[in-house]
Structure formats: C-alpha cells, structure tokens
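Working notes for the structure below.
The values are calculated or read from the model by the stated rules, or taken from the named source; none is laboratory data. This structure is a prediction, so every number in the text was calculated from the model and none was measured. A quick note on method: Cβ atoms are made from the backbone with ideal geometry, for glycine too, and the neighbour counts reach across all protein chains shown. Calculation scope for accessible area: heavy atoms of the full protein, side chains included, ligands and nucleic acids excluded. Shrake-Rupley method; radii C 1.70, N 1.55, O 1.52, S 1.80 Å.
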Amino acid sequence: MSEAGAEGVRLQRHLARCGHGSRRSAEALITSGRVRVNGRLVTELGTRVRPERDRVEVDGRLVRPSAETWIALHKQRGAVTTRRDPRGRRTIYDALPEEYGELFHVGRLDRQSEGLLLLTNDGDTAYRLMHPRFRVRREYVVQPEKRLTDAELARLRAGVKLEDGRVRLLTLERVGGPGEEDVRIRLALAEGRNREIRRLLEAIGHRVVRLRRVRYGPIRLGKLAPGRWRELTAEEIEALKKTKAGKGRRTA
C-alpha cells in the first residue's frame, strides 16, 4: 500500500506538499507547536493525516495544496539567501516578484557567492535534491587569488580533510585552455556543506576571489543574467523529479 493509502500520509510530508518548506523545515513547524490537526495541537512527527478529510492549520491558517512552482534565479553577489534579514541587507527575494515570496530556496549560497539558485514549493523533491545521501551534482566556477599548481590540483583530486570531514570532488579542471593563464577552475561536488569550497581552497593556502554555481543536478545556469530569474520548463521539472542517488565517480 502506498503512503497515501488508508492510513494517510505523514504530516510533515503533507505540509511540504502544501508549500511549507522542505520536510525538515516542516518537522520544525510541528515540534515547535505551530501545527493543529482538526483543532488539536500536534507535536509528534509520526502523526499521519488524510488530506481529503483532515483540517490542517499552521499558525491558525488552513493549509491547502499549492500549485507546484519551480524557478531558477541567478543570485547576485552580496545578496543573502534568506527571506528576511534583520540587518537590512539585500536578500534573494528582493529580485523576485511578490507572488514568489513564499517559495523556499533549495540549499543556499553564501553572501559573497553567486550563480544558480533553485526555489520551489515542492518540499518532497527539494528534500531529495538537498539531502547528502542522494549525492546530487553541483558545479561551480571558482576564481582563486592566484593560479593553482598541478601539485595543488592533484591534492584537491585526492581529497582534502576539513574539520567536518573529507571533501572529495566529482570533477576538477582548469577553465583556461592549453597555454592560457586563466586562474579559474571548474569543480563539481555531491554535497553542500557550509562554505565548503572556500574552506577547501583555504586548506591548501588559497583565498577565493569569486565563486559562481553554474549547475544544480540537471539544471544549468546558462546565460541567465545576474539578478534575473526564469520558470523551469516542464522537461526540467521532470528531470529534477527523476534525479537519483549516484556514487559520484571522481574524474579529472
């Protein structure tokens, strides 16, 4: 029997399907006492509901399924990946129309990083894209302060141990062709730890000058201009939903 059978679905999954963040953030809503089912306060994560019959409320507001939405945003450098910033800094939502204000971001980019950021109200797929065990590919173009030597590239390919574990790249290559002096590198990871690439380069003695994400799973940044956004096509959304866990073979 599927999860949507006679016993209903898990409450956190229903909340995610209705646009209340990923399953993890939906769990936080439940445990913090903000969710009621048929008028009763619910804090147990194992609670199941029948969406066609049960009345689910968050902060006193009825939860309804939302039309599925996916957009790609070219995050600008200096914008913070949050809905509201207590320090008054520019956020990624300042670049979006008001109707997209309730979408949540799939992962994040730090303030000084730029590039592709996906936003959605599809909590199930977002969870799969973000969770480390699914090893979804993320690609970046990185500009260090100075050109890396061949020995330093070899060290990165071998894996570098940080305080929160070893980082193993899926791919790593110079951006410039033979004879060119471009200091940039292109690398791919299958996880999204906090400031991971900056810490990785710092571990071998290099400061990152510019960091731009150019791909997340099957979605590419392409020619999308900084600060601009676009809706994903039906084909792109289908590709996201079909994203499977992979072993992440490392190559040069």
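Listed residues THR149, THR233; which is among the β-branched types (Val, Ile, Thr) and within 30 Å of ALA67 (Cβ to Cβ)?
So the residue among THR149, THR233 that is among the β-branched types (Val, Ile, Thr) and within 30 Å of ALA67 (Cβ to Cβ) is THR233.
Taking only the range 202-220 into account, find how many residues are open to solvent by 60 Å² or more (accessible area, probe 1.4 Å), assigned to a strand (DSSP E or B) and more than 28 Å from GLU238 (Cα to Cα).
Number of matching residues: 1.
Here is a yes/no grid of residues against (1) in a strand (DSSP E or B); (2) more than 19 Å from ARG220 (Cβ to Cβ):
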{"site": "ARG147", "(1), (2)": "no, yes"}
{"site": "ALA154", "(1), (2)": "no, yes"}
{"site": "ARG157", "(1), (2)": "no, yes"}
{"site": "GLU173", "(1), (2)": "yes, no"}
{"site": "ASP182", "(1), (2)": "no, yes"}
{"site": "ARG193", "(1), (2)": "no, yes"}
{"site": "ILE197", "(1), (2)": "no, no"}
{"site": "LEU200", "(1), (2)": "no, yes"}
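For the range 101-115, which positions are outside any strand (DSSP E or B) and within 22 Å of VAL214 (Cβ to Cβ)?
LEU103, VAL106, GLY107, ARG108, LEU109, ASP110, ARG111, GLN112, SER113, listed by residue number.
Pairs under 8 Å by beta carbon, first residue under 18 Å from GLU191 (Cα atoms) in the range 208-222, partner polar (S, T, N, Q), six or more apart or different chains?
LEU211/GLN112; LEU211/SER113; LEU211/GLN143; ARG212/SER113; ARG213/SER113; GLY217/THR243; PRO218/THR243
What number goes with the only condition from (1) touching a strand residue (DSSP E or B) at 6+ places or on another chain (Cβ under 7 Å); (2) more than 21 Å from LEU119 (Cβ to Cβ); (3) among the hydrophobic types (A, V, I, L, M, F, W, C); (4) modelled with pLDDT of 90 or more that LEU62 does not pass?
(1)
For the range 49-95, what are the residues that are among the β-branched types (Val, Ile, Thr) and within 17 Å of the chain's Cα centre (by Cα)?
THR69, ILE71, VAL80, THR81, THR82, THR91, ILE92
For the list (1) open to solvent by 70 Å² or more (accessible area, probe 1.4 Å); (2) at pLDDT 80 or above, I need the number of the one condition that SER25 fails.
(1)
Residue-wise test of (1) out of contact with any helix residue (DSSP H, G or I) (no Cβ under 7 Å at 6 or more places or on another chain); (2) without any contact (Cβ under 8 Å) to a residue 24 or more places away in the chain; (3) open to solvent by 20 Å² or more (accessible area, probe 1.4 Å).
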site: LEU109; (1), (2), (3): yes, no, no
site: GLY115; (1), (2), (3): yes, no, no
site: LEU118; (1), (2), (3): yes, no, no
site: ARG128; (1), (2), (3): no, no, yes
site: HIS131; (1), (2), (3): yes, yes, yes
site: PHE134; (1), (2), (3): no, no, yes
site: ARG138; (1), (2), (3): yes, no, no
site: GLU152; (1), (2), (3): yes, no, yes
site: LEU172; (1), (2), (3): no, no, no
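Just to check your reading of the model, which residue among GLY46, GLY33 is among the small types (Gly, Ala, Ser), touching a Leu at 6+ places or on another chain (Cβ under 7 Å), over 30 Å from ARG215 (Cβ atoms) and open to solvent by 10 Å² or more (accessible area, probe 1.4 Å)?
Only one candidate qualifies: GLY33.
Across the range 57-85, which residue is most open to solvent (accessible area, probe 1.4 Å) among those that are among the β-branched types (Val, Ile, Thr) and out of contact with any Leu (no Cβ under 7 Å at 6 or more places or on another chain)?
Checked the range 57-85; the qualifying residue most open to solvent (accessible area, probe 1.4 Å) is THR82.
Identify the single condition in (1) touching a strand residue (DSSP E or B) at 6+ places or on another chain (Cβ under 7 Å); (2) surrounded by fewer than 12 Cβ atoms within 10 Å (Cβ to Cβ); (3) modelled with pLDDT of 95 or more that THR251 does not satisfy, given that it satisfies every other one.
(3)
Would you be able to say whether some residue in the range 180-200 is in contact with a helix residue (DSSP H, G or I) (Cβ under 8 Å, 6 or more places away or on another chain), in contact (Cβ under 8 Å) with a residue 60 or more places away in the chain and either more than 19 Å from GLY115 (Cα to Cα) or open to solvent by less than 40 Å² (accessible area, probe 1.4 Å) (or both)?
no
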